[in-house]
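Participant: Quick one: the structure is below, questions incoming.
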Amino acid sequence: MLACSECTVVYANSKVKRCGRCSALVCQRCLDGSVHVCQPGRIIRIVDLVAEKTSVEWLVDGLLPNVGWTLFHGVQGYGKTTFALQMCEALQLGKTFMGRETKQTDVLYVNADSPVKEWQAMCARIAPECEGWTLVDAPERALGNPRYVEAINTLKRRVKPGFIVFDSLYNLCSSPARINTGDILLDINQMKAIASGVPWLLIHHPAKESNRASGHNSLEGNCSNEWSMLQTKLAIQKGRLVADKELLLVRSNETGMWSMKPERALSATVQGDRQSRTEGYNFMNHRLT
């Protein structure tokens, strides 16, 4: 049984059709009577929504879903861009990333954080085989420049990426003052419009002496996922569909590249944590007696 979104009457499944333009469930009576008018959104009973045959796919298994957007912050120099670019190459090539399977996906990296020659050198070091696209030479306050916004839109329509990185919020936003107010969502919505349903990641910086993103708290409230890059791990502070809370990582002193922490070292870390907890428990027992 399905409910018509116009008259709200519940009918047998065969009596309800899905509108080809807006996907709303509409009964034949409302369709024949031209009652239905397509709207920007659609209304549906929760039970009918649950019954729809849809499922979330993962770009990076258990880490990056193919819906929503990710706020990615960390102290300058901690390797956010390196991590994001490594992930982009893995997605473009369809190879494993940090021990996780990926879905081959064409990528677009919008770089407004590095001069062209510096970015070229970084790409050569981090993702030399990546055939994804990148946009460089971004003017300051790019999202406040209609010509630049249209350039991103034109490139996006041309290459049809399945994943987009915006790097970084401070350089892309219309005004730095916006970051500390709710008006920053105007820039976020601009990026959402550019992505137009494609999952995307936004690189940002944390507040001083904090693991949270700098600026207005609407940033953290608006995103689907929130990652914080630390020196030895990726902390997953928010993930509407992600179960894991962290990825333990190691960064090469020679190349600056990220990799998963080796199992042996990971086991030692876990064992050390257990030993610390045991010692603390024994110490407390000793004091109580």
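Participant: Restricting the range 11-60 to residues that are of a type in the set (A, V, I, L, M, F, W, C), touching a residue at least 24 places away in the same chain (Cβ under 8 Å) and not in a helix (DSSP H, G or I), which is farthest from T102 (Cα to Cα)?
Facilitator: Here is the first cut: in the range 11-60, the ones of a type in the set (A, V, I, L, M, F, W, C) are 12, 16, 19, 22, 24-27, 30-31, 35, 37-38, 43-44, 46-47, 49-51, 56, 58-60.
Then drop every residue that is not touching a residue at least 24 places away in the same chain (Cβ under 8 Å), which leaves 30, 35, 43-44, 56, 58-60.
From what is left, the residues that are not in a helix (DSSP H, G or I) are 35, 43-44, 56, 58-60.
On the way: V35: 45, I43: 34, I44: 33, V56: 14, W58: 7, L59: 5, V60: 5 Å.
Ranking the qualifying residues of the range 11-60, first place goes to V35.
Participant: Which residue pairs have Cβ atoms under 8 Å apart, sit 6 or more places apart or on different chains, and have a first residue in the range 197-213 that is of a type in the set (G, A, S) and a second that is at pLDDT below 95 and not in a strand (DSSP E or B)?
Facilitator: If the second residue must be at pLDDT below 95 and not in a strand (DSSP E or B), the pairs left are A207/S214; A207/G215; A213/H205; A213/A207; A213/L219; A213/E220.
Participant: Need the failing condition index for P161 against (1) buried (at least 19 other Cβ atoms within 10 Å of the Cβ); (2) in contact with a helix residue (DSSP H, G or I) (Cβ under 6 Å, 6 or more places away or on another chain); (3) over 21 Å from P206 (Cβ atoms), just the number.
Facilitator: The failed condition is (2).
Participant: Just for the range 140-173: of the residues that are in a helix (DSSP H, G or I) and touching an Asp or Glu at 6+ places or on another chain (Cβ under 6 Å), which one is nearest to A90 (Cα to Cα)? Please lay out each step first, then the result.
Facilitator: We begin by selecting, within the range 140-173, every residue in a helix (DSSP H, G or I); these are 142-144, 146-159, 169-172.
Narrowing further to those that are touching an Asp or Glu at 6+ places or on another chain (Cβ under 6 Å): 143, 171.
Working: L143: 28, N171: 26 Å.
Checking each candidate, the answer is N171.
Participant: Being surrounded by 15 or more Cβ atoms within 10 Å (Cβ to Cβ) and in a loop (DSSP other than H, G, I, E, B) is the filter; apply it to the range 242-260 and report the residue that is farthest from the chain's Cα centre (by Cα).
Facilitator: M257
Participant: What is the one condition in (1) assigned to a loop (DSSP other than H, G, I, E, B); (2) more than 15 Å from the chain's Cα centre (by Cα) that T105 does not satisfy?
Facilitator: (2)
Participant: Out of the residues in the range 69-89 meeting the condition of being out of contact with any helix residue (DSSP H, G or I) (no Cβ under 8 Å at 6 or more places or on another chain), of a type outside the set (F, W, Y) and surrounded by 16 or more Cβ atoms within 10 Å (Cβ to Cβ), tell me which one is farthest from M229 (Cα to Cα).
Facilitator: Filtering the range 69-89 down to residues out of contact with any helix residue (DSSP H, G or I) (no Cβ under 8 Å at 6 or more places or on another chain) leaves 70, 75-80, 83-84, 87-88.
Still in the running and of a type outside the set (F, W, Y): 70, 75-77, 79-80, 84, 87-88.
Cutting the leftovers down to surrounded by 16 or more Cβ atoms within 10 Å (Cβ to Cβ) gives us 70, 75, 79-80, 84, 87-88.
Working: T70: 13, V75: 7, G79: 8, K80: 6, A84: 11, M87: 14, C88: 17 Å.
Taking the candidates together, the pick is C88.
The values are calculated or read from the model by the stated rules, or taken from the named source; none is laboratory data. All values derive from a computational prediction rather than experimental measurement. All Cβ positions, even for glycine, are placed from backbone atoms using ideal geometry, and neighbour counts span all protein chains on display.
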